[in-house]
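Readers should treat all values here as calculations from the given coordinates under stated rules, not as data from a laboratory. Since we're looking at a predicted model, the values are computed, not measured. All Cβ positions, glycine included, derive from the backbone under ideal geometry; neighbour counts span all protein chains shown.
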Amino acid sequence: METMTASASSSSCAVADRPDGRLDSRLDAPSPTTLEAAPATAPDVPPEALLVFDLPPRAARIRLLREADNRALEWQGGADLRAFYDEQWRLHRAGDICVLIADLNDFPIGQAAIHWRGKPTHPHLPDLQSLRVFPAFQGMGIGSRLIEATEQSVAARGFSQVSLAVGVENPRARVLYERLGFYAIGQPYDDEWQYTDAQGRQCRVVERVVDLVKTL
Ligand SMILES: CC(C)(COP(=O)(O)OP(=O)(O)OC[C@H]1O[C@@H](n2cnc3c(N)ncnc32)[C@H](O)[C@@H]1OP(=O)(O)O)[C@@H](O)C(=O)NCCC(=O)NCCS
């Protein structure tokens, strides 16, 4: 795990004015005069960090969706996607889809949903949807692992191909998929999905996408 930076919650807190982050002994018995005289930000405190420390390495794992994940997954979309996650759970339990979770410390930091019945244009191919990784963990290989686990699950069911759709305005994600062996089939089209938001309103999302396929 890389070095992580903790930032100050209050700019007037006078702790950790040593570069190694340990408390200065002057703080053991501060006199009111000393505190009042101290500037809000001591000149030798780096403005971007009060403490800098390494985190212990932790193994992440890919597992199946659990009901307890539903609320935790609201880091994407908030309560407006609650009905979406509840429906995702229902479909997962019914076996219509298979949702894989990237788990760190029992928290779902990523997800991928395999829809066994694919797109209308290729219903015979399982389709990978709703792939996402918690922003703070993007670019660390987790999305690639979710795709790898997806491919294993799909192959274990006897399929030799898997598809996914990527937004034409999401070239970074497309680069990842092509690097992993996906290639475009067909022309861009408007993909549409709907959800019911926290106020009970029906919301319609339209995104221009292109379908990609990978032969396993
Ligand atoms: C796309 C996404 C699932 C990839 O997961 P990840 O764990 O970040 O990806 P990995 O670490 O395995 O691979 C890194 C590659 O992913 C792509 N990527 C990284 N961050 C991304 C982002 N915010 N948006 C889109 N693609 C991204 C890049 O191609 C990157 O390669 P690079 O580092 O050489 O530029 C993840 O970044 C994400 O959730 N993005 C926002 C939502 C999204 O775009 N979902 C895909 C819908 S089709």
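For this structure, a couple of remarks:
- Only a single criterion out of (1) in contact with a strand residue (DSSP E or B) (Cβ under 9 Å, 6 or more places away or on another chain); (2) not in a strand (DSSP E or B) is not satisfied by ILE101, namely (2).
- Residue within region 130-144 that is within 23 Å of VAL206 (Cα to Cα) and among the aliphatic types (A, V, I, L, M) present: yes
- Among the residues of region 81-119, those identified as closer than 18 Å to GLY200 by Cα and more than 17 Å from the chain's Cα centre (by Cα) are ALA83, ASP86, GLU87.
Residues are listed down the side, and each one gets a yes or a no for (1) within 15 Å of the ligand (Cβ to nearest atom); (2) touching a helix residue (DSSP H, G or I) at 6+ places or on another chain (Cβ under 9 Å); (3) of a type in the set (A, V, I, L, M, F, W, C):
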site	(1), (2), (3)
THR121	no, no, no
ALA136	yes, no, yes
ALA156	no, no, yes
SER163	yes, no, no
LEU176	yes, yes, yes
GLY186	no, no, no
VAL209	yes, no, yes
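- Region 116-216 holds strands (runs of 3 or more DSSP E) entirely within its bounds, and those carrying 3 or more residues that are surrounded by fewer than 17 Cβ atoms within 10 Å (Cβ to Cβ) and touching a Gly at 6+ places or on another chain (Cβ under 9 Å) map to 202-215.
- The residue of region 105-119 that is nearest to the ligand (Cβ to nearest atom), among those that are without any contact (Cβ under 8 Å) to a residue 60 or more places away in the chain and more than 24 Å from ALA68 (Cβ to Cβ), is GLY118.
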